[in-house]
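Here is the structure we will look at, set down as structure tokens.
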Amino acid sequence: LIVILAFVSISTYAQFYVGATVGPQIPLGDLSDGGKTGFGLNLSGKYLLNDNMAVGLNLGYNSFGTDLKGFTFSFMPITGLFEYHINLDQFTPYVGADLGLYNYRYKMKGEIMGEKFNNSDSEIYFGFAPTVGALYNINSDIALTANAKYNFVLTEDDPSSFLGINFGIVYKIK
């Protein structure tokens, strides 16, 4: 962390952004057969290479319910990100992509014929997420953000996908 902060402070342009977004996560394709719209939380750190390009890390948690009582599942992406920004003064649209690992986890909890059960398991899969979004600068340190992120996870049998509609806040560290 000290090395990164030193590098950021030495550069004449460099900026580091930290932010958080929340929003509904909509299952698509086969995932929508039993999955219900869920909720997602994402934390990110971005390093601006120049006026238009950013790289960084993203950590998320996306939870879904199902039509089956007591059965839930979630995806936890841990990804690297790249974004291309189009600076228009106060408003900054961007396109980008996340690439990395998604931890898929399911939980089953219930009762059958008087016997209670509680089962869970998780697997790690590769995935990516093309993203379109925008930043709206409130002042020189804080921006509001919104994005649509199409998560595509290469699960064992069939790929799983879901669309996140996310809203949040970004803090700029100069």
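The values are calculated or read from the model by the stated rules, or taken from the named source; none is laboratory data. Worth saying up front: this structure is predicted, and the values here are computed from it rather than measured. Here the Cβ is made from the backbone with ideal geometry for all residues, glycine too, and neighbour counts use every protein chain on show. Keep in mind that these areas ignore ligands, DNA and RNA; they rest on the heavy atoms of the full protein, side chains included. Shrake-Rupley method; radii C 1.70, N 1.55, O 1.52, S 1.80 Å.
Points worth noting:
- Residue in the stretch 41-48 that is touching a strand residue (DSSP E or B) at 6+ places or on another chain (Cβ under 7 Å), open to solvent by 50 Å² or more (accessible area, probe 1.4 Å) and closer than 20 Å to Ile165 by Cα present: yes
- All positions within the stretch 61-78 that are polar (S, T, N, Q) and either more than 19 Å from the chain's Cα centre (by Cα) or surrounded by 17 or more Cβ atoms within 10 Å (Cβ to Cβ) (or both): Asn62, Thr66, Thr72, Ser74
- Which listed residue, of Leu28, Leu81, Leu88, is open to solvent by less than 70 Å² (accessible area, probe 1.4 Å), over 11 Å from the mean Cα position of the chain (by Cα) and among the aliphatic types (A, V, I, L, M): Leu28
- Taken together, the criteria place Asn139 among residues that are outside any strand (DSSP E or B) and either under 20 Å from Ile169 (Cβ atoms) or out of contact with any Ser or Thr (no Cβ under 9 Å at 6 or more places or on another chain) (or both).
- Taking the listed residues Phe162, Phe128, Phe117, the one that is at pLDDT 90 or above, of a type outside the set (Gly, Ala, Ser), open to solvent by 50 Å² or more (accessible area, probe 1.4 Å) and assigned to a strand (DSSP E or B) is Phe128, with no other qualifying.
- Inspection of the stretch 149-156 finds a residue satisfying the criterion of being open to solvent by less than 70 Å² (accessible area, probe 1.4 Å), under 17 Å from Lys46 (Cβ atoms) and modelled with pLDDT of 90 or more.
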